[in-house]
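Asks: The structure's right below; bear with me while I get my questions together.
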Amino acid sequence: MSLQTVLDSLPDFKSDEIIKSFIKGYSIINRYKRPICSISGGSDSDIMLDLIYRIDEQKKVTYVWFDTGLEYKATKEHLKYLENRYDIEIRREREQ
């Protein structure tokens, strides 16, 4: 998928800032062999996941969530929602 195809798929309300973010992300993500994206379950993290998912041509990004043991049940449920919505796996990491 070309960058232009990705940009064309964005909603009509896209701003210059959104376009710049997609261009920058596209150039970074597709430069690396095995990029990793940390997911927190918060709204900023959701936006980053959506951006990365759209520009990750080869679906090579590994998504990781760091479980501190203090998270709410709703956060864990939201992570499952994201996995289903984007058909991805979010790897859980927890210090033992």
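Just so you know, all these numbers are worked out from the coordinates, no wet-lab data involved. Since this is a predicted model, take the numbers as computed values, not measurements. Note that we place each Cβ from the backbone using ideal geometry, even for glycine, and neighbour counts take in every protein chain shown.
Asks: Just the residues that are over 9 Å from V61 (Cβ atoms) and in contact with a strand residue (DSSP E or B) (Cβ under 6 Å, 6 or more places away or on another chain), please, taken from region 31-46.
Replies: Residues satisfying the conditions are S38, I39.
Asks: Considering only residues that are over 12 Å from G41 (Cβ atoms), basic (K, R) and in contact with an Asp or Glu (Cβ under 8 Å, 6 or more places away or on another chain), which ones fall in region 53-96?
Replies: The answer is R94, and nothing else.
Asks: May I pose another question? Scan region 1-45 for residues that are under 16 Å from E89 (Cβ atoms) and among the acidic types (D, E) and report the count. First the steps, then the outcome.
Replies: So the first thing to find is which residues in region 1-45 are under 16 Å from E89 (Cβ atoms), and the list is 34-39, 41, 45.
Right, trim to among the acidic types (D, E) and you get none.
Count: 0.
Asks: Being buried (at least 18 other Cβ atoms within 10 Å of the Cβ) and among the hydrophobic types (A, V, I, L, M, F, W, C) is the filter here; which residues of region 62-75 pass it?
Replies: To start, the set of residues in region 62-75 that are buried (at least 18 other Cβ atoms within 10 Å of the Cβ) comprises 63, 65.
Of everything in region 62-75, just one residue is buried (at least 18 other Cβ atoms within 10 Å of the Cβ) and among the hydrophobic types (A, V, I, L, M, F, W, C), namely W65.
Asks: Still on this structure: Considering only residues that are assigned to a loop (DSSP other than H, G, I, E, B) and touching a residue at least 12 places away in the same chain (Cβ under 8 Å), which ones fall in region 1-28?
Replies: Initially, region 1-28 is screened for residues assigned to a loop (DSSP other than H, G, I, E, B), giving 1-2, 9-15.
M1, S9, L10 - these are the residues of region 1-28 that are assigned to a loop (DSSP other than H, G, I, E, B) and touching a residue at least 12 places away in the same chain (Cβ under 8 Å).
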